[in-house]
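The values are calculated or read from the model by the stated rules, or taken from the named source; none is laboratory data. In this text the structure is predicted, and so the values were computed from the model without any measurement. Cβ placement follows ideal geometry from the backbone for every residue including glycine, while neighbour counts extend to all protein chains displayed. All accessible areas refer to the heavy atoms of the entire protein, side chains included, with ligands and DNA or RNA removed. Shrake-Rupley method; radii C 1.70, N 1.55, O 1.52, S 1.80 Å.
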Amino acid sequence: MDTKDNNTPDYAAFLVAARQLLGPRGLTQDAELIEPWLTDWRGVYTGAALAMASPGTVEEVAALVRLCAAHGVSLVPQGGNSGMSGGATPDTSGHQIILSLRRMHAIRTIDAEARQVTCEAGVILQNLHEAVAEQGLRFPLTLGGKGSATIGGLISTNAGGTQVLRHGTMRAQVLGLEAILADGSRFDALVPLKKDNRGFDLKQVLIGSEGTLGIITAATLQLAPAPAGRRVLWVGVASLQMARAFLLHCDAMAGMALEGFEIIPAYSLAAVLHHLPGSRAPLDTDHTWHVLVELVAGTETMAGLQDLAEQVLATAFEAGLIENATIAASESQAEAFWLLRESISAAERARGPAVQHDVSVAVEQMPAFIDTVAPRVESAFPGTKVIAYGHLGDGNVHLHVLSPAGSVQGEWQKTTGKKISALIYDCVAEWGGSISAEHGIGQAKLAELARLTDPVRLGMMRAVKHALDPGNILNPGKLVPLAPDQAKP
Ligand code: MLT
Ligand code: ZN
């Protein structure tokens, strides 16, 4: 390692070499250019950076990582910076490099016959949706941040979104992967093989590893045929138990056509309507819970899908499962329904500090879990409000706790918010659930993962990290709670 003395990297020498390698377009220390990338999307974490590197090719990424390894300088990979757990925010030392993959945004190939796309890490999800749609294809994973989230970020956090019910998380979409490892070598496994039983599925080790084991530079993804169309339903229900019963009903009647089932509490709908100028509620707002259902035509015709949607609702009414419902009359109305759902986070962010928990328990236990945890938190922390929304169909809700009026952003989360999270995660552990269903660990849940993970699992995580990144240069301080003797200062 090239260091000034035994411990301190020679940052000046590193910067000279990095500048030589990447040129002015590929490396900047301009504070104004770097500043927007130092704070996470939620505005909870703000770090500092020695520089921001923006390589344009996989070879440049490899050379940069080699240089970092030689100098003992650590890297924080970043895509759209829309993560929810602070995983792409550098620490406050000012000694880390932000490695932006945003310049690597080429869609290398679309194979319409094989229904596969190979693209670079910096491709924005929405751009991918549009590019494959032009070929009559669809990339089914979608989420609220699709206008900024990048494929590399989505893979490295194993993102979920709103179509997981039918299509699975990012893990299920990745057929092949290209990544640069901590020594600068290239893991080249872009070729999609339907069967490959050579032992460990190494690409799956990298997926969801949040940049701690390698830098994802490109991927081959599975596509689906573009559907003939969809029907989007907005439904009012009286309770979470009823929402769950309605989910079972939809599943039984619609089967593979059921792609999304999202719950929205009355509070969040009101917040979104307030936040989005000109927006309107699809239904009367007198319901305690709202449900957004998406049915997508597979083998059905659009007329058949419309019939199916009407029958699902008519029989649910007869069975007393739902209070009121409407079907979006056009694609633009369907978009408007989804916009309400996808704006919950932004509406909440505009309102003030909150702590977010992205938890899962067994689907059938979710209503009882929320009904138990919410009052427990609100009575232990007066002035707070618990809201739960999201992917009931996946047994995953976003359990957010809004701060009392007057709380200070950042500070409240790091003090009272921490205590609230500990209480909630204890409950999740009691119910046998996961403290991170889809947003990953990042820095936000690192300590809680260490506290609540059994020693065997923790030991395996540490062993994998140590084997692949012995110098701890790849996104240190994220995801893997290292033992004190493994973590470098
Ligand atoms: C969502 O489903 O809207 C996001 O994953 C949740 C969030 O912003 O917490
Ligand atoms: Zn979500």
Checklist outcome for this item: Of the residues in segment 186-198, those that are open to solvent by less than 60 Å² (accessible area, probe 1.4 Å) and at pLDDT below 95 come to Pro192
Checklist entry - Among Ile263, Ile216, Ile207, Ile180, which is within 16 Å of ligand 2 (Cβ to nearest atom) and touching a helix residue (DSSP H, G or I) at 6+ places or on another chain (Cβ under 7 Å)? => result Ile263
Checklist entry - What single numbered condition from (1) in contact with a helix residue (DSSP H, G or I) (Cβ under 8 Å, 6 or more places away or on another chain); (2) assigned to a loop (DSSP other than H, G, I, E, B); (3) more than 16 Å from ligand 1 (Cβ to nearest atom) fails to hold for Asp485? => result (1)
Next on the checklist: One residue is enough: does segment 202-218 have a residue meeting the conditions under 29 Å from Phe369 (Cα atoms), of a type outside the set (Val, Ile, Thr) and open to solvent by less than 10 Å² (accessible area, probe 1.4 Å)?
Outcome noted: yes
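Conditions (1) within 16 Å of ligand 2 (Cβ to nearest atom); (2) at pLDDT below 95; (3) surrounded by 14 or more Cβ atoms within 10 Å (Cβ to Cβ), marked per residue:
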{"residue": "Ala297", "(1), (2), (3)": "no, yes, yes"}
{"residue": "Ala309", "(1), (2), (3)": "no, no, yes"}
{"residue": "Leu313", "(1), (2), (3)": "no, no, yes"}
{"residue": "Gly320", "(1), (2), (3)": "no, no, no"}
{"residue": "Ile327", "(1), (2), (3)": "no, no, yes"}
{"residue": "Ala334", "(1), (2), (3)": "no, no, yes"}
{"residue": "Phe337", "(1), (2), (3)": "no, no, yes"}
{"residue": "Arg341", "(1), (2), (3)": "yes, no, yes"}
Checklist entry - Within segment 414-427, is there a residue that is out of contact with any Phe, Trp or Tyr (no Cβ under 8 Å at 6 or more places or on another chain), surrounded by 17 or more Cβ atoms within 10 Å (Cβ to Cβ) and part of a loop (DSSP other than H, G, I, E, B)? => result no
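Restricting to segment 255-274, name every residue that is open to solvent by 50 Å² or more (accessible area, probe 1.4 Å) and either under 30 Å from Pro192 (Cβ atoms) or free of Cβ contacts under 8 Å to residues at least 60 places away in the same chain (or both).
Within segment 255-274, Met256, Ala270 qualify.
When only residues in segment 337-391 that are basic (Lys, Arg) and over 23 Å from the mean Cα position of the chain (by Cα) count, which is farthest from ligand 1 (Cβ to nearest atom)?
Here the residue is Arg376.
Can we say Val386 is aliphatic (A, V, I, L, M), away from ligand 2 (no atom under 16 Å from the Cβ) and either under 16 Å from Gly161 (Cβ atoms) or open to solvent by less than 30 Å² (accessible area, probe 1.4 Å) (or both)? If you could, list the steps in order and put the result at the bottom.
On the way: aliphatic (A, V, I, L, M): yes; away from ligand 2 (no atom under 16 Å from the Cβ): yes; either under 16 Å from Gly161 (Cβ atoms) or open to solvent by less than 30 Å² (accessible area, probe 1.4 Å) (or both): yes.
So Val386 fits the description; yes.
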Next on the checklist: Let me spell it out: the conditions are (1) without any contact (Cβ under 8 Å) to a residue 12 or more places away in the chain; (2) among the small types (Gly, Ala, Ser); (3) in contact with a Ser or Thr (Cβ under 7 Å, 6 or more places away or on another chain), and Ala252 meets all of them except one. Which number is the exception?
Outcome noted: (3)
Checklist entry - Name the residues in segment 449-461 that are at pLDDT below 95 and open to solvent by less than 40 Å² (accessible area, probe 1.4 Å), would you? => result Thr453
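Working carefully through the options Ala245, Ala226, Ala303, find the one that is closer than 27 Å to Ala368 by Cα and open to solvent by 30 Å² or more (accessible area, probe 1.4 Å). I'd like the intermediate steps shown before the answer.
Values: Ala226 fails: closer than 27 Å to Ala368 by Cα; Ala303 fails: closer than 27 Å to Ala368 by Cα.
Sole residue among the options that is closer than 27 Å to Ala368 by Cα and open to solvent by 30 Å² or more (accessible area, probe 1.4 Å): Ala245.
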Item to check | Any hit, segment 147-154, residues being within 16 Å of ligand 1 (Cβ to nearest atom), of a type in the set (S, T, N, Q) and either more than 30 Å from Gly229 (Cβ to Cβ) or in contact with an Asp or Glu (Cβ under 8 Å, 6 or more places away or on another chain) (or both) | outcome: no
Checklist outcome for this item: Heads up, the strands (runs of 3 or more DSSP E) in segment 1-110 (entirely inside) with at least 3 residues that are farther than 17 Å from Asn472 by Cβ, modelled with pLDDT of 95 or more and out of contact with any His (no Cβ under 8 Å at 6 or more places or on another chain) are 51-53
Checklist entry - Any residue at all in segment 136-153 that is polar (S, T, N, Q), touching a residue at least 40 places away in the same chain (Cβ under 8 Å), touching a strand residue (DSSP E or B) at 6+ places or on another chain (Cβ under 8 Å) and buried (at least 22 other Cβ atoms within 10 Å of the Cβ)? => result yes
Checklist entry - When residues of segment 353-371 are filtered for being assigned to a strand (DSSP E or B) and either out of contact with any Gly (no Cβ under 7 Å at 6 or more places or on another chain) or not β-branched (Val, Ile, Thr) (or both), how many remain? => result 5
Next on the checklist: Can you name every one of the helices (runs of 4 or more DSSP H) wholly within segment 247-352 that holds 1 or more residues which are in contact with a Gly (Cβ under 9 Å, 6 or more places away or on another chain) and of a type in the set (Val, Ile, Thr)?
Outcome noted: 344-351
Checklist entry - Looking at this structure, is Ala219 in a loop (DSSP other than H, G, I, E, B) and either closer than 30 Å to Asp307 by Cα or in contact (Cβ under 8 Å) with a residue 40 or more places away in the chain (or both)? => result no
Checklist outcome for this item: Residue pairs within 6 Å by beta carbon, gap of at least six or interchain, first lying in segment 155-178 and touching a residue at least 60 places away in the same chain (Cβ under 8 Å) and small (Gly, Ala, Ser), second open to solvent by less than 30 Å² (accessible area, probe 1.4 Å) and away from ligand 2 (no atom under 15 Å from the Cβ), listed first then second, are Ser156/Glu210; Ser156/Gly211; Ser156/Ile216
